[in-house]
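Read through the structure below, which is laid out as structure tokens, and then see the notes.
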Amino acid sequence: MPYNDHRSTCAGNHALDYSVPNIPGITQIYTANLTAYLSTEQFECGGELHYYGADGNACCANAVAYDTSKDICCTYRMDHIIVQRKTPNSECCGEGSYDPSEEGCCNHELVGDGVVYEVYDLLTHQCCSGK
């Protein structure tokens with residue numbers, strides 16, 4: 001099926017999306033419904049298309065859209081969770097975040113409770129067990 005790639009995108013063998021031009025390296029095909037989208041404007045996450053800005057700018061575990069300037073995607077007890085950043089360079093510590101330039105994250109095994117995470121001040125404390 002012929003088409004003008006300046007005005008539309010071939011989205012499969014015979015499907016055309018007339019709303020998005022074909023721009024190499026930028027135009028992507030959302031396979032769930034053969035919709036074309038511009039990767040500079042939208043991203044796939046959790047089985048849906050999301051707009052950058054309004055819906056965030058990243059995908060956590062291919063399930064939840066989030067804004068990396070405000071949050072981070074952390075793994076906690078075998079799940080992925082969105083955690084609010086304390087600072088721009090925050091890292092995950094259990095169900096929370098910490099600033100590695102000022103704080104440490106100590107994790108250790110407790111019988112029956114699994115892993116326990118604790119944030120501590122690097123100037124006054126150190127981690128006794130774990131890492």
Inset, instruction - Please list, in chain and number order, the residues 5+ apart from Thr27 or on another chain whose amide H is under 5 Å from its amide H, with Hs placed from the backbone. - result: Ser39
Inset, instruction - Would you mind calculating the gained length between Asp55 and Tyr30 on full extension (0.36 nm times residue separation, minus the Cα-Cα distance), in nm to one decimal? - result: 7.3 nm
Inset, instruction - Throw me the Rg/Rh for the range 18-131, computed over C-alpha atoms with Kirkwood Rh, two decimals. - result: 1.15
Inset, instruction - Identify the trypsin sites (Lys or Arg not before Pro) of the range 42-105 meeting these criteria: DSSP loop state and at most 15 other C-beta atoms within 10 Å of the C-beta. - result: Lys70, Arg77
Inset, instruction - Heads up, I need the accessible area for Ile81: 1.4 angstrom probe, whole protein in place, Å², nearest 10. - result: 50 Å²
Inset, instruction - Over the range 65-105, give the accessible area per residue in Å² for a 1.4 Å probe, as an integer. - result: 59 Å²
Legend entry - 11 Å beta-carbon shell around Leu123, net charge (K/R +1, D/E -1): -3
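The values are calculated or read from the model by the stated rules, or taken from the named source; none is laboratory data. The shown structure was predicted, so the numbers you read here are calculated from the model rather than taken from an experiment. Methodologically, a virtual Cβ is constructed for each residue, glycine included, from the backbone with ideal geometry; neighbour enumeration extends over all protein chains shown. Accessible surface areas use protein heavy atoms only, side chains included; no ligands, DNA or RNA. Shrake-Rupley method; radii C 1.70, N 1.55, O 1.52, S 1.80 Å.
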